[in-house]
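Enquirer: Below you will find the structure I want to go over with you.
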Number of protein chains: 2
Amino acid sequence: MIIDCHGHYTTAPAALEAWRKLQIAAIDDPARAPSRAALAIGDDEIRASLENAQLRMQRERGTDVTFFSPRASFMAHHIGNERTSLAWSQVCNDLVHRVCGLYPDNFVGVCQLPQSPGVRPENCIPELVRCVRELGMIGCNLNPDPSGGHWKEPPLTDRWWYPLYETMAELDVPAMVHVSTSCNPCFHATGAHYINADTTAFMQFLTSDLFRDFPTLRFIIPHGGGAAPYHWGRYRGIAQDLKRPPFAELLLKNVYFDTCVYHRPGIELLLKVVPADNILFASEMIGAVRGVDPETGHHYDDTRRYVDAIEWLPAEARQKIFEGNARRVFPRFGTRSARELNAAFH
Amino acid sequence: MIIDCHGHYTTAPAALEAWRKLQIAAIDDPARAPSRAALAIGDDEIRASLENAQLRMQRERGTDVTFFSPRASFMAHHIGNERTSLAWSQVCNDLVHRVCGLYPDNFVGVCQLPQSPGVRPENCIPELVRCVRELGMIGCNLNPDPSGGHWKEPPLTDRWWYPLYETMAELDVPAMVHVSTSCNPCFHATGAHYINADTTAFMQFLTSDLFRDFPTLRFIIPHGGGAAPYHWGRYRGIAQDLKRPPFAELLLKNVYFDTCVYHRPGIELLLKVVPADNILFASEMIGAVRGVDPETGHHYDDTRRYVDAIEWLPAEARQKIFEGNARRVFPRFGTRSARELNAAFH
C-alpha cells in the first residue's frame, strides 16, 4: 500500500474561489460577507474536479491514499483578520471533508488552521478540535509565517505556539509545516518561500528544546525538508558546534521529511542521508510543478518513480517510507484503512 | 592548482571588532566615531591571525589561493546608515588588502560593499571602484537583504540594482550573493538565513530577464546554491511551467555555484545535477562550521576531500571546478598568478 501524505485540493471547483473573492470584498463590511451555506458546490462538481485529476493520477501512478488538505497557496492567512481566516478555513475544511466522504478509499482529511498574523495560536484550537473530532481529520498544516513572507511571528519553537501544541499532543495529530503564498516580492511562493520555510523550520527545531517539552509532538517538513538534507553535513556540524545532542536524540523522534523532491538525484540524496524512519512518501500532486520532465517523459511530481528506481533501498525501508511511517506519524489513521476511518465520520 | 573562491577574514585581530564597537557606540554622535587611521593592527598581528588558521589549512588541505573577503556575518549592513557602512567597509576592505600584500601567493581580495537598507545601490559604486582599481580586488559580495532578515529591498533582478550592475559589468567583476547576520529571530544566520538567501536569489534569477539586459553579468550563489541543486527538478519544472527558456540559455551563462556543502552526498548531488562549467571550488573555511565530523575524522568544511572522492568526475571537469572556472568567472584574476596580481597593487 502506498500513502501519499501530502496532497492539497488544488483543483477545487471555481465556486470556492468565487466565495473567497466575495469574502475578501467584504472584509471591511462583514455584514456583506458570504455565509458558509452560500457556498453551493454539488457532489458532481466535486467528482468532476477530482476524477480526471488526483484520482486519475493515483490510479496511473499506483498510489492508494492521499492525506488531503485545502490548497496551501490559498490559505493566505495574511488576508483580513482572524474571523476572515476562521470562516475561510471552515469552508475549505468542510469541502475536503466532503471529498473524503465521496472517495473514502482515496482520501483522508488534513486541516487548514485559521491562523492570522499576530493572533495567538490559541485561536486555532476550536477549528483543529472540530476537524479532528467531528470531521475525522488526522493532522493539520501549520503556517510558520502567516504574514506571507514577512516573518513576523515568533519561531515555531517559541512558547507563543505552546497552547496549540498542547492540543496537538492531546489529539495526537502531527502538523505539516507549510507556508502559504508570498506577499514579499523577494520570494517566489513555491520556488523560494516554500523551500525557505522548510529550511527555516528545521533550523528552529535544531536550536531549541521544544521536543523536551513536547516529547510526542511531530512535524513533517515538506518538500523534502527544504535544503536540510542537501546540507545535512552543515546541519550536523552547526549542531555540534552549538553543543546540541546528536540528531537522533535532538529531533529525529519528532521531525519527518516528505519525498516532494522532483528529480531522482534529489530523492536519492534524501534517502541516503535521512534515516528511513524519518521519510514519508508524498508527491504534492497536483501542485507546484505540473509539467512533464522532457528528460524522463514523466511528470516531475511523479515521485513514486524516483523512489522505485533506487535499487539499493532495502524492502523494509521502502515499506516504511510508502506506508509504515505515515501510519505511525498519523496515529489517528494508524492501522485502519481509509474507508474504515472515513466511515466513522460520514 | 586549486582556487578556493569563497573565504572570509573570520579570524581578524580583535582590534577590528573593537573599532567596530566604537563606531556603533558613536552612531548617534558621528563626531565621536573612530577614524580609519585609528585602527591600529600590526603586520605581525595579521600574520598571527592567519598562520595557524587559513594558511595552515591551505597547506594541510593542499589548496593554493583563496579569494578572500571581509567577514560576511560582520558586514551587518543594517547597522547605522550608509556613512556607517562606508567607513566600516573601507576599514574591512583595507585590512583584506593588507592580507593580500603580506601573503601574495595565498590570497586575492574580494570586497565588501557599503550597502545600507533602503539606500540606492549607487552608493556602493565608489567603494567598488576603489577596491577594484586601487586595491586589485577581483569581485564583490552583494547582500540581497541589507536589512538582515526582513527582506525589504527589491529583488536582485529589479532595476533598483542596475546602476551597480553597470559598474560591475564595466569593471568585469562578479558578485557573490551573500547575506550577513540575521536580525530576525525566525532565521538562524548561518543555518537558515544564508541558505534561504541563496535559494531566494536563484529563484529571482530564474523568473527574470536580468541577463538579457546584462549578458556578461556573473553571480556566484554560495553554499552550494542553497537548496537549488537538491530541488533541481522542481526548478526546471517551475521554469518550464512559466514558459521560461531552458537553464542553459536562461541563467547558466551567468549564475555559478560554489562547493560549500559539508558532506559528501551533498557534493555528489551538486556535481551530478549542475554542469561542471557552473561549479567553483570553495570551502568558506574558517566559517560557519568549524568542527570535525566524527563520521569521517575530518573537518566538515574540508570540501576538497569530498570533491576528490567523487571517482566518476572526469579530470577535465575537476580542473574546471578547482581552477578553470574561477579564472573565467573572475577575469581580473584571469590567467595570472596571485603573486602577479598582488604585485601590481602593493
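The values are calculated or read from the model by the stated rules, or taken from the named source; none is laboratory data. Here the structure is a predicted model, which means the values were calculated and not measured. Note that each Cβ is placed from the backbone with ideal geometry, even for glycine, and that neighbours are counted across all protein chains shown. Keep in mind that these areas ignore ligands, DNA and RNA; they rest on the heavy atoms of the full protein, side chains included. Shrake-Rupley method; radii C 1.70, N 1.55, O 1.52, S 1.80 Å.
Enquirer: FRET efficiency for A:LEU55 and A:ALA26, Cβ-Cβ distance as r, R0 = 41 Å, nearest 0.05? Intermediate results must be reported in sequence, preceding the final value.
Expert: Working: r = 34 Å, r/R0 = 0.83.
That gives a FRET efficiency of 0.75.
Enquirer: In the stretch A:282-346, which chymotrypsin sites (Phe, Trp or Tyr not before Pro) are in a loop and have at most 10 other Cβ atoms within 10 Å, using DSSP for the loop call? Walk me through the numbers on the way to the answer.
Expert: Working: sites: A:TYR300, A:TYR306, A:TRP312, A:PHE322, A:PHE333, A:PHE345; in loops: A:TYR300, A:TRP312, A:PHE333, A:PHE345.
Here the sparse-neighbourhood loop sites are A:TRP312.
Enquirer: Continuing with the same structure: Please list, in chain and number order, the residues 5+ apart from B:VAL255 or on another chain whose amide H is under 5 Å from its amide H, with Hs placed from the backbone.
Expert: Result for B:VAL255 returns B:PHE219.
Enquirer: Can you list residues from other chains, or at least 5 along the same chain, whose modelled amide H is less than 5 Å from the amide H of A:MET176?
Expert: For A:MET176, whose amide H was placed from the backbone, the distant partners under 5 Å are A:CYS140, A:ASN141, A:LEU142, A:ILE220.
Enquirer: Give the carbon-plus-sulfur fraction of the accessible surface of chain A in %, rounded to a whole number; probe 1.4 Å, heavy atoms of protein chains only.
Expert: Accessible surface attributable to carbon and sulfur in chain A totals 52 percent.
Enquirer: Something else now. Just in the stretch A:210-282: which trypsin sites (Lys or Arg not before Pro) are loop by DSSP and have at most 13 other Cβ atoms within 10 Å?
Expert: A:LYS243
Enquirer: Going by a 1.4 Å probe on protein heavy atoms, which residues of the stretch A:281-304 end up with at least 40 Å² less accessible surface in the whole assembly than in their chain alone?
Expert: Residues shielded by partner chains are A:VAL289, A:TYR300.
Enquirer: Separate question: Treating the point 7 Å from Cα along Cα-beta-carbon as the label, what are the nm separations from B:GLU122 to the other copies, to one decimal?
Expert: List, nearest first: 5.2 nm.
Enquirer: Just need the relative contact order of the stretch A:56-213 here, percent rounded to a whole number, with Cα pairs under 8 Å and 6+ apart. Walk me through the numbers on the way to the answer.
Expert: Numbers: 247 pairs, mean separation 35.3, N = 158.
Computed value for the stretch A:56-213: 22 percent relative contact order.
Enquirer: Using the Karplus equation 6.51 cos²θ - 1.76 cosθ + 1.60 (θ = phi - 60°), what ³J(HN,Hα) coupling, rounded to whole Hz, does each residue of the stretch A:332-346 give in order, writing x for Gly and Pro?
Expert: 6, 7, x, 8, 7, 8, 4, 4, 4, 4, 5, 4, 6, 10, 10
Enquirer: I've got another one for you. What is the diffusion coefficient of the stretch B:3-343 in µm²/s, taking the Kirkwood radius over Cα pairs and the Stokes-Einstein relation at 37 °C with a viscosity of 0.692 mPa s?
Expert: Details: Rh = 20.2 Å.
Rounded, D is 163 µm²/s.
Enquirer: In peptide A:221-227, what is the residue-averaged number of other protein chain Cβ atoms found within 10 Å of each Cβ?
Expert: Details: counts 0, 0, 4, 4, 2, 8, 18.
Shielding by partners across A:221-227 averages 5.
Enquirer: Another one. When Cβ neighbours within 10 Å are restricted to other protein chains, what is their mean count per residue of peptide A:180-188?
Expert: Average per residue, whole number: 5.
Enquirer: In whole angstrom, note down how far apart the Cα centers of the stretch A:170-189 and the stretch A:243-321 are.
Expert: 19
Enquirer: Average partner chain C-beta neighbours within 10 Å, per residue of B:197-207?
Expert: 5
Enquirer: Hey, what number do you get for the protein assembly as shown at 222 nm if only DSSP H runs of n ≥ 4 count, each worth -39500 (n - 2.57), divided across all residues, to the nearest 500?
Expert: -10000 deg cm²/dmol, from helical runs alone.
Enquirer: Taking only Cα atoms and a 10 Å spring cutoff, compute GNM fluctuations for chain B and point out the largest among B:GLU323, B:GLU295, B:GLU249.
Expert: Taking springs between Cα atoms under 10 Å, the residue moving most is B:GLU295.
Enquirer: Provide an ascending nm list, one decimal, of label-point separations from B:ALA25 to the equivalent residue in each further copy; define each label point as 7 Å from Cα along Cα→Cβ.
Expert: 6.2
Enquirer: Per residue in the stretch B:228-250, which ones lose no less than 30 Å² of accessible surface when going from chain alone to all protein chains (1.4 Å probe)?
Expert: Flagged in the stretch B:228-250: B:TYR230, B:HIS231, B:GLY233, B:ARG234, B:ARG236, B:ILE238, B:GLN240, B:ASP241.
Enquirer: Same structure, new question: Roll a 1.4 Å probe over the protein chains and send me the accessible area per residue for the stretch A:3-343 in Å².
Expert: 34
Enquirer: Find the centroid of the Cα atoms in the stretch A:45-119 and in the stretch B:76-149, then give the distance between the two in whole Å.
Expert: 49
Enquirer: Which order do the peptides A:22-28, B:222-228 come out in when sorted by mean C-beta neighbours inside 10 angstrom, highest first?
Expert: Top to bottom by mean Cβ count within 10 Å: B:222-228, A:22-28.
Enquirer: Then there is this: Compute a Gaussian network model of chain A, connecting alpha carbons closer than 10 Å, and tell me which residue from A:GLU51, A:GLU311, A:GLU60 fluctuates the most.
Expert: Looking only at A:GLU51, A:GLU311, A:GLU60, the biggest GNM fluctuation is shown by A:GLU311.
Enquirer: While we're looking at this one, here's another question. At 7 angstrom along the Cα-to-beta-carbon line, where would the label on B:ASP158 sit relative to the other copies? Give the distances in nm, shortest first.
Expert: 2.5
Enquirer: Using protein heavy atoms only (no ligands, DNA or RNA), what is the total accessible area buried between A and B, 1.4 Å probe, nearest 100 Å²? It would help to have the intermediate numbers written out before the result.
Expert: Numbers: alone 14070 and 14090 Å², together 23720 Å².
By this definition, chains A and B bury close to 4400 Å².
Enquirer: Based on DSSP, what percent of beta bridges with both residues in chain A are antiparallel, to the nearest 5?
Expert: Restricted to chain A, the bridges split so that about 10 percent are antiparallel.
Enquirer: Decide, for the stretch B:277-338, between rounded, prolate and oblate: order the square roots of the alpha carbon gyration tensor eigenvalues as a ≥ b ≥ c, take rounded if a/c falls under 1.5, and otherwise choose prolate if a/b is larger than b/c, else oblate.
Expert: Here the stretch B:277-338 falls in the oblate category.
Enquirer: Let me ask another. I'd like the Karplus ³J(HN,Hα) series for the stretch B:74-79: coefficients 6.51, -1.76, 1.60, θ = phi - 60°, whole numbers in Hz, and an x wherever there's a Gly or Pro.
Expert: 8, 4, 6, 4, 6, 7
Enquirer: Past the 19 Å Cα-Cα mark, which pairs from A:LYS152/A:LYS253; B:LYS152/B:LYS243; B:LYS253/B:LYS320?
Expert: Among A:LYS152/A:LYS253; B:LYS152/B:LYS243; B:LYS253/B:LYS320, the Cα-Cα distance tops 19 Å for A:LYS152/A:LYS253; B:LYS152/B:LYS243.
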